1. Which far-off residues, 5 or more places away or on another chain, put their amide H under 5 Å from the one on I66, with H placed in the peptide plane?
2. According to a simple spin-label model (label point 7 Å from Cα along Cα-to-Cβ), what is the distance in nm between S99 and K51?
Amino acid sequence: MSIPHIVFLSAILFLAGCGGNPYLDASLNPAELQGKPQSWFEENWGKPSAKAQRFFGGETWTYFRIAGGKKTFPYFNFEPNECQISLDFDKEGRLEDSSYSGC
C-alpha cells in the first residue's frame with residue numbers, strides 16, 4: 001500500500017470519528033425530551049450507568065459518556081471529557097427534569 005493510500009484511509013477514519021455525540025446533542029435540547037418515557041431513553045440511549053430512587057417518587061437515571069477531549073503536548077496523550085447526564089423521572093416514568101456537567 002502506497003503512502004497516498006494510507007493518508008487517504010487515515011483521513012476517512014478521522015472524519016468518520018467526527019460524527020458527533022448523540023448523548024450530548026440530545027441533552028442540549030431538554031424541551032424536546034421533556035415528558036418522554038423511560039422506555040424511550042432505554043431504547044435510544046441504552047441502559048443508564050446508575051439509577052436512584054427520588055424522595056417524592058420517581059427515579060433519577062445517570063449516564064456517563066465520553067464527550068470529546070483534547071490532545072496534550074508533548075506526548076500527544078488524549079484526555080477525554082467525561083460527560084454526566086442526569087435525568088429525573090416522575091412517578092409515571094416520564095422525564096421531568098434533566099441536567100448535565102463535564103460535557
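1. It is C83, by chain and number.
2. In this crude label model, K51 to S99 measures out at 2.2 nm.
FYI, it's all coordinate maths here, none of it is from the lab. This one's a predicted model, so the numbers in the text were calculated from it and none came from an experiment. Here the Cβ is made from the backbone with ideal geometry for all residues, glycine too, and neighbour counts use every protein chain on show.
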